[in-house]
Amino acid sequence: MNDKRGKNGCPPESKQEETINDGCEVDRVIVNHVRMVTSLIEGRNVGLDEIHRMLDNILRQHSIDTAGKSFYGDCGSQKIPP
């Protein structure tokens, strides 16, 4: 994994536009809006390839195992009210 990174620790920039390959289509207007908002929040110019990688990470199908986890601990924690 570290061999793929550049010398400064950032992922290598791709020259071609990346597409989301999981079957989800993302509207170009939405992608540009996400890019603009992310650039404003981070205070730097964010490239389209970085936005596509981020959306690919977010929109991919997640494992069923992660759906069973609760923020409140195990089921027995609701026996005694707070």
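The values are calculated or read from the model by the stated rules, or taken from the named source; none is laboratory data. Please read all numbers here as calculations on a predicted model, not as lab measurements. Here Cβ is always computed from backbone atoms with ideal geometry, including for glycine, and neighbour counts include all displayed protein chains.
A few notes on this one:
- Among residues of segment 39-82, those that are modelled with pLDDT under 95, surrounded by 10 or more Cβ atoms within 10 Å (Cβ to Cβ), assigned to a helix (DSSP H, G or I) and not acidic (D, E), counted: 10
- Cross-chain or 6+ apart pairs with Cβ under 6 Å, segment 18-35 first and at pLDDT 85 or above, then among the hydrophobic types (A, V, I, L, M, F, W, C) and part of a loop (DSSP other than H, G, I, E, B): R35/V46
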